[in-house]
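Please read the structure below before turning to the comments.
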Amino acid sequence: MSRKSVLPVFEEFNSILFYPVQYESEEELAGIDMKPLVGHLAAWNYFQFIDAPENATSIKTWRKFIKNAKRVTNAPMEAHYIGFNMWVKAVEKVGSTDFDKIIAALPGIKCRI
């Protein structure tokens with residue numbers, strides 16, 4: 001993508017530049033030259049590099065499960081883990097797999113990675 005193709009977007013949003021990038025997460029970043037990205041921000045709901053005990057435990061468990069100590073986790077994996085575990089908790093709460101009962105049970109259910 002060239003800067004010429006981005007300029008109309010820049011002008012349309014009152015000089016706030018939304019520059020599309022070609023990657024989604026840390027896993028994709030591993031394969032590209034990082035120098036041009038220094039100083040840019042990335043918005044994503046999960047980053048592996050977040051320094052938190054729960055995150056470190058989750059990464060360690062995942063890598064042990066797949067037998068690959070270098071594998072990178074990503075936002076879709078985190079979202080799936082939380083979503084699935086919330087579903088399990090809702091099913092256990094209502095004692096059923098009835099869709100409407102599960103949806104009604106979801107508010108208030110908490111799940112941490």
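The values are calculated or read from the model by the stated rules, or taken from the named source; none is laboratory data. Just so it is clear, the model here is predicted, and its values are computed rather than measured. These accessible areas exclude ligands, DNA and RNA; they are computed on the full protein's heavy atoms, side chains included. Shrake-Rupley method; radii C 1.70, N 1.55, O 1.52, S 1.80 Å.
Here TYR46 fulfils each of the conditions (1) closer than 25 Å to GLY108 by Cα; (2) modelled with pLDDT of 90 or more; (3) not in a helix (DSSP H, G or I) apart from (2). Mind telling me which of the residues THR61, THR97 ends up being open to solvent by 40 Å² or more (accessible area, probe 1.4 Å), under 21 Å from PHE49 (Cα atoms) and not basic (Lys, Arg)? Residue meeting the stated conditions: THR61. Within the stretch 78-91, is there a residue that is modelled with pLDDT under 90 and either open to solvent by 60 Å² or more (accessible area, probe 1.4 Å) or not in a helix (DSSP H, G or I) (or both)? Yes, the stretch 78-91 contains a residue that is modelled with pLDDT under 90 and either open to solvent by 60 Å² or more (accessible area, probe 1.4 Å) or not in a helix (DSSP H, G or I) (or both).
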